[in-house]
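The values are calculated or read from the model by the stated rules, or taken from the named source; none is laboratory data. Treat the numbers as computed from the prediction; the structure is a model and nothing was measured. Cβ atoms come from the backbone with ideal geometry, glycine included; neighbour counts cover every protein chain shown. When the accessible area is computed, the model is the full protein with side chains, heavy atoms only, and any ligands, DNA or RNA have been set aside. Shrake-Rupley method; radii C 1.70, N 1.55, O 1.52, S 1.80 Å.
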Amino acid sequence: MFQFESLAAFIAMGGHGPYVWISYAVTLLTLIWLVIAPIRGRRRLLKNLSHQSRSAVTSGEERS
Amino acid sequence: MARFPEWFHRLGAPKTFYSMTGKWLPWLAGAAAILLCVGTVWGLGFAPQDAKQGNSFRIIYIHVPAAFLALAGYYVMAVAGAVGLIWKMKLAHMVLKAAAPLGAALTFVALFTGALWGKPTWGTYWVWDARITSMLVLFFLYLGVIALHYAYSSTEAASKASAVLALVGTANIPIIYKSVDWWYTLHQPATIKLTQAPSMHPDMFKPLLVMIAGFYCFYALVLLMGTRTEILHRERRTRWVADLAKTGY
Amino acid sequence: MAAVSPERSAFSAIVIRDLTLAFRHRGEIANPLIFFVMVATLIPLGVTPEARQLAEIAPGIIWVMALLATLLSTETLFLSDFRDGSLEQMALSSESLWVLVLAKILVHWLISGLPLTLLSPLLGVMLSLPAEGFLTMVASLALGTAALSLIGAIGAALTVAIPRGGLLLSLIVMPLYMPVLIFGASAVQQAVDGMAVGGALAVLGALLAFSLLISPFAAAGALRVSLHG
Amino acid sequence: MTIRPLLECSRLSFERDDWPVFAGVSFVVEEGDILQITGANGAGKTTLLRMLSTTLSPSEGRILWQGRPLSECLAEYRSDCLYLGHQPGVKTALTPRENLHWLLAVHPRHADRIDHALSQVGLFRHADSPCGSLSAGQLRRVALARLYLSEARLWILDEPFTAIDRAGVGELETLMDNHAARGGAVVVTTHQPLTLSPKQLDLEPYGRCIA
């Protein structure tokens, strides 16, 4: 069952609130960055590739 | 060469690995999200307070899983390196390149949460506790592998060199951990060790298991995503990647 | 033309070659030693000249300085051989590469670790190390610097092909040095406190044996990667 | 039984950072052969030679030494082959005699007649002066002195004539000729025209084709 009387008590966490919330915030940010990094890398790579293949087609040097 | 089940070689081909693991990603993402949300809400809101440490012990629900994965991640990196070196499987080197920054980030999380946890417990952010010090050394080991990987110009030599370093590091981790523990007991025998699970009340322990499972799913998810991006990078000259770029999938 | 292979084995040939080379550049042997003494004089200047306080930190300080001095001299272990092509000739020898690497590590210890060990009593006096600690210090440094040379060889082999690889070498090797530092420094500290030092020295010997087991092979593998790169 | 060729290379290819240097190179080296590898700069001549010397491992393809894959007879192959690369492989702080001493110990299949070899390459007068004081040509000659000592059947020479004067080139060519006549084999790259019409392998057609 819920350990805290009110939302305010939940935020304050008996005085340890800042430490707990900052830790969870930093962890969340890191996890999000870890997920975004490969997605961004992939999108950037595919964009470059489509540019290269488009420019390759226009310049006639078809790359198999 | 050692005989392997057929699927190991099929999985070894980057193209098949890419398409096969593509199907697993949504499931992994779903599982990780659910487990992490449930575990966090359970740990933060419903787990009982710790008698001595009060609510600051709730940081355990992210510190311990991150520390777990940081150490396990190093071994994943070393196994990938070994497979890459011994069976010359390019895919294994890609897994290593994806695992290194992931492991380093999780070690950073473990260190950061450990330091923040130390403040209410011991009054200072940095305590030369055995577990935290070993975590710091593990962080340096990760940085060593990443720095070595980026120092080489040719990716092939880079992956082989970092594989060798990951293997040497793995052989040394138990030694480092044991010597840091021995050093710690030498200087501060009395005080309790941080994150030693002090005969935790079952209600405290269950959310921890959920969080650990969540972190494992998350680790697998990000490792696969990173490896797949690395595959696209390494195979950018092949036809199937070019088609992929066109279809924009 | 009888295929007379010279009586000296490849191992001893490389040892003699590197020793001759070292004594042709005699100045270079002194560098780590001067560094060792000079950096030890920073402590009284930076921390405290007061003998009693110095005595408390002397074991650790001397060991850290010895570690840094060894690290300083590790970078050039394979560098000149890599640059003039003799490393490639060694790698192509029918003698396995790890044997030749072991020979080079042995010489590196003889010209850096050993002199450091023999010089350490001077630092013991300068940092007012209590008398009980001297013998254990020399023993622990003798074992420790050998292990440090072996471990450092792996880092040197990994970074030999990288321009300005010196900093990266220390970043790679430092974590692997820590167990040796922990047991080496605490052996001297225990001797100073009058406790038995057998345990710590035994572990130091074990660390030396362990690094003797993995370092030559790891370094040889790393050299082949560097040559391939 | 048919005499197996010394060296059989099939479909050798090499990629540097996923960029193919050459692909599908196959050739055979028999006893008594002198094979010249030709091709423009960057065609991969040095890469191919370093592959034959076992410094580089091919991305694809196989190398057989007397019918056996290299990975199975590495030590034996290395003791039977002599590789001279771009760098002389000589320590400048040591004298030519000392350099040859350690090189002999590292490659045991050598006759121990250092002074004879040094006089053949005209370095006997400098036998005891440090190599640092020698010219590039003389340094190259210290490395070439090993050809007079070596018992190895396969010679792999990468641009051996660089910095060598006209007389030296002539001597080296006769040396290679005698070696081939005695049943040895030489794989060489050079931009100088060779008088002794060796077999040729041009790397151009194998390069730059995308796998």
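Remark: mean inter-chain Cβ contacts per residue of C:19-31 equal 2, using a 10 Å Cβ-Cβ cutoff to other protein chain atoms. Mean-square fluctuations from a GNM of chain B, with a 10 angstrom spring cutoff on Cα atoms, peak among B:Ala32, B:Ala99, B:Ala110 at B:Ala32.
Helix C:114-126 and the long axis of chain C differ in direction by around 20°, with both axes built from C-alpha atoms. Considering only C:Pro44, C:Pro121, C:Pro130, the Gaussian network model of chain C with Cα springs below 10 Å gives its largest mean-square fluctuation to C:Pro44. Could you sort out which of B:Lys88/B:Lys178; B:Lys90/B:Lys178; A:Lys47/B:Lys97; A:Lys47/B:Lys15; B:Lys160/D:Lys199 sit more than 29 Å apart by Cα distance in this structure? With Cα atoms farther than 29 Å apart: B:Lys88/B:Lys178; B:Lys90/B:Lys178; B:Lys160/D:Lys199. Across the protein chains, with a 1.4 Å probe defining accessible surface, the residues B:Trp183, D:Trp65 rank B:Trp183, D:Trp65 from largest area downward.
For segment D:85-151, the per residue solvent-accessible surface stands at 34 Å², with DNA, RNA and ligands left out and a 1.4 Å probe. Per residue of C:183-193, other chain Cβ atoms within 10 Å of the residue Cβ number 1 on average. Annotation: aspartates and glutamates with alpha-carbon distance below 18 angstrom to B:Lys206 (same-chain offsets under eight excluded): B:Asp50. What is the angle, in °, between the Cα long axis of helix C:26-46 and the longest principal axis of the Cα atoms in chain C? Nearest 10 is fine, range 0 to 90. Helix C:26-46 sits at roughly 30 degrees to that axis. At the residue level, B:Tyr216 shows approximately 100 square angstrom of accessible surface with a 1.4 angstrom probe and all protein chains present. Each label was represented as a point 7 Å from its Cα along the Cα-to-Cβ direction; for C:Ala51 and C:Leu79 these points are 4.1 nm apart. On the basis of the beta-carbon distance and an R0 of 56 Å, D:Thr195 and C:Val138 show a calculated FRET efficiency of 0.25.
Total buried accessible area between B and A, probe 1.4 Å, nearest 100: 3300 Å². Comparing B:Ile34, B:Ile86, B:Ile60 in a Gaussian network model of chain B (Cα springs below 10 Å), the most mobile by mean-square fluctuation is B:Ile86. Rounded to the nearest 10 Å², what accessible area does D:Tyr83 show when all protein chains are kept and the probe is 1.4 Å? For D:Tyr83, solvent-accessible area is about 10 Å².
Using the alpha-carbon centroid of each, what span in Å lies between segment D:130-184 and segment C:165-229? Taking the Cα centre of segment C:165-229 as reference, the centre of segment D:130-184 is 44 Å away. The angle separating the long axis of helix B:90-122 from the principal Cα axis of greatest extent in chain B is about 10 degrees. Loop-resident trypsin sites (Lys or Arg not before Pro) (DSSP state other than H, G, I, E or B) in segment D:77-150 with no more than 16 further Cβ atoms inside 10 Å of their Cβ: D:Arg113. How big is the gap, in Å, between the Cα center of segment B:96-143 and the Cα center of segment B:219-242? Measuring centre to centre over Cα atoms gives 29 Å. Calculated [222 nm] ellipticity per residue, helices only, for chain D: -8500 deg cm²/dmol; basis is -39500 (n - 2.57) per DSSP H run with n ≥ 4, divided by all residues, nearest 500. What shape does the protein assembly as shown take by its C-alpha gyration tensor, where a ≥ b ≥ c are the square roots of the eigenvalues and a/c under 1.5 counts as rounded, a/b above b/c as prolate, and the rest as oblate? It is oblate, given that a/c is not under 1.5 and a/b is not larger than b/c. For segment B:149-155, putting each phi into the Karplus relation 6.51 cos²θ - 1.76 cosθ + 1.60 with θ = phi - 60° gives couplings of 5, 7, 6, 7, 7, 8, 5 Hz, in residue order, rounded to whole numbers and with x for Gly and Pro.
Take every DSSP beta bridge whose two residues both sit in chain D; close to 50 percent of them are antiparallel.
Taking 18 Å as the straight-line reach from the Cα of C:Lys104, the aspartates and glutamates in range (excluding those fewer than 8 positions away in the same chain) are C:Asp18, C:Glu28, C:Glu75, C:Asp81, C:Asp84, C:Glu88, C:Glu95, D:Glu98.
Near the amide H of D:Asp33, within less than 5 Å, lie the amide hydrogens of D:Val186, all on another chain or at least 5 residues away, with H placed in the peptide plane. Each chain gives up part of its surface: C and D jointly bury about 3000 Å² of accessible area, both sides summed, for a 1.4 Å probe. With a 10 Å cut-off around each Cβ of B:167-174, the average count of Cβ atoms from other chains is 5.
Residues in segment C:84-141 average 31 Å² of solvent-accessible surface per residue, probe 1.4 Å, ligands and nucleic acids excluded.
Entry note, chain C: the mean residue ellipticity at 222 nm calculated from DSSP H runs of n ≥ 4, each adding -39500 (n - 2.57), is -27000 deg cm²/dmol after division by the residues and rounding to the nearest 500. Surface composition of segment C:6-228: carbon plus sulfur atoms contribute 74% of the solvent-accessible area (1.4 Å probe, protein chains only, all chains present). Here the 3J(HN,Hα) profile of segment D:17-34, calculated from phi with Karplus coefficients 6.51, -1.76 and 1.60 at θ = phi - 60°, is 6, 6, 10, x, 7, 8, 8, x, 8, 10, 7, 10, 10, 9, 4, x, 8, 10 Hz, Gly and Pro shown as x. Beta bridges from DSSP with both residues in the protein assembly as shown: antiparallel share about 50 percent, rounded to the nearest 5. To put it simply, the accessible area of segment D:85-151 at a 1.4 Å probe is 53 percent carbon and sulfur. For B:Val41, project a label point 7 Å along Cα to C-beta. Then give me every residue of segment B:53-87 with its amide nitrogen under 20 Å of that point. It comes to B:58-62, nothing else. Accessible surface buried by the B/C pair amounts to about 2200 Å², both sides summed, 1.4 Å probe. Under 15 Å from a point placed 7 Å out from the Cα of B:Asp50 along the Cα-to-Cβ direction: which residues of segment B:202-223 have their backbone N that close? Counting backbone N atoms under 15 Å from the label point, the list is B:202-209.
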